[in-house]
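Colleague: The structure that follows is given in the form of structure tokens.
A short reminder: the numbers here are calculations on the coordinates, not readings from a lab. Here the structure is a predicted model, which is why all the values come from computation and not from measurement. So basically every Cβ, Gly included, is an ideal-geometry build from the backbone, and we count neighbours across all protein chains shown.
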């Protein structure tokens, strides 16, 4: 029989103790014992709040209420469960990066299994180069075991989730490379890494949505040089995290445009084109909206600097300044605002001409893709 973690045992105690009783007292006592670090927790909550607002998909705030007594903890207990819609398999993050995933759920609590758990294997890629590999949990550290010496890897490189397992959304920072040594007799590097998120003293976390599918209507208004009228277009949008975004244009013409991290496909009634984004200089620009809508923090940080962030109740706005050579010739700045979802994106070209994209009627209720939608995404795999 599989041995249960102390966090899972404690969750069962919390779930089934009567009333406020011992369970509530245990939680209260644990929180009281953490008051010395409360200012750090406030900082975490503020950072997570900013990250949450920049993400286009629903998230759930949670607190760690039990950490166990292990010298290298691999499981934590969170204060959110099935009554808040939490399900096993959801990814858990902080503003610094990935912590792990939900592995067991009670009505009011859930078990978080950390990255350093010996059973954890995370598909990752080097943010700088896109080279993919696997990262293994190993209690004290995270092991990049099979990275070939023929591939480009440097000290300081950041490893982000690749999204290839459909568990962890793509682009979440996981670890940084702290040392690299070629290993005699093997074709692989010997590396050491450091998790980007604090695995031992974090208290406030975000649980990412289990089925990140969002549908909306959009209307685009693009200012054209030497024209007194903007070019208008409208249609529907389907965003599927770990896959991409499907724009279905209804006016002024009918067309489908699929953008994934790898390809862009444009399809009309009579034509179809497929572009490999790594083979075109316009690849980064084509995925800008995908990065904005998915909250791909690693990609956004690579290409943009956040110049302003404002929050007013449940709404927020942010300004992005391009910093990469790929983006500067295309955009002077980007403005984005929203609430639970992204509501508006304004792209300014180098001549300060705006392209306004307004999203309305957001819905995440229908998570199933129809056969036509699946076929379009398959073209862009």
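Colleague: Fewest to most neighbouring Cβ within 10 Å: what's the order for 378, 344, 229? Please list the in-between numbers first.
Modeller: Details: 378 11, 344 15, 229 8.
Least to most surrounded, the residues fall as 229, 378, 344.
Colleague: A follow-up question, please. For 109, 270, 362, what's the fewest-to-most ordering of other Cβ within 10 Å of each Cβ?
Modeller: 270, 362, 109
Colleague: Between residue 381 and residue 128, 0.36 nm times their residue separation minus their Cα-Cα distance comes to what? Walk me through the numbers on the way to the answer.
Modeller: Values: separation 253, 0.36 × 253 = 91.08 nm, distance 2.13 nm.
Extra length available between residue 381 and residue 128 comes to 89.0 nm.
Colleague: Which of 369, 290 comes first, and how do the rest follow, when ranked by fewest Cβ neighbours within 10 Å?
Modeller: Details: 369 16, 290 21.
In increasing order of surrounding Cβ atoms, one gets 369, 290.
Colleague: While we're on this one: What nm distance separates the two modelled labels at residue 278 and residue 224, each placed 7 Å from Cα along Cα→Cβ?
Modeller: Simple spin-label model gives 3.6 nm for this pair.
Colleague: Based on the mean of other beta carbon atoms within 10 Å per residue, what is the order of 137-146, 219-228, most packed first? It would help to have the intermediate numbers written out before the result.
Modeller: Details: 137-146: 16.5, 219-228: 11.6.
Ranking, from highest mean packing down: 137-146, 219-228.
Colleague: Here is a further query. Of the peptides 73-81, 345-353, how do they stack up when ordered by the mean number of other Cβ atoms within 10 Å, highest first?
Modeller: 73-81, 345-353
Colleague: Moving on. Using a ≥ b ≥ c from the Cα gyration tensor of segment 181-291 (square roots of the eigenvalues), is it rounded, prolate or oblate, where a/c under 1.5 gives rounded and otherwise the larger of a/b and b/c decides, a/b for prolate?
Modeller: prolate
Colleague: A further question on this structure: Run the quick spin-label model on residue 139 and residue 270: label points 7 Å from Cα toward the beta carbon, then report their separation in nm to one decimal.
Modeller: 6.8
Colleague: I'd like to compare 277-288, 182-193: which one has the highest average count of other Cβ atoms within 10 Å, and what's the full order after that? Write out the running numbers ahead of the final one.
Modeller: Numbers: 277-288: 15.5, 182-193: 13.6.
Top of the packing list down: 277-288, 182-193.
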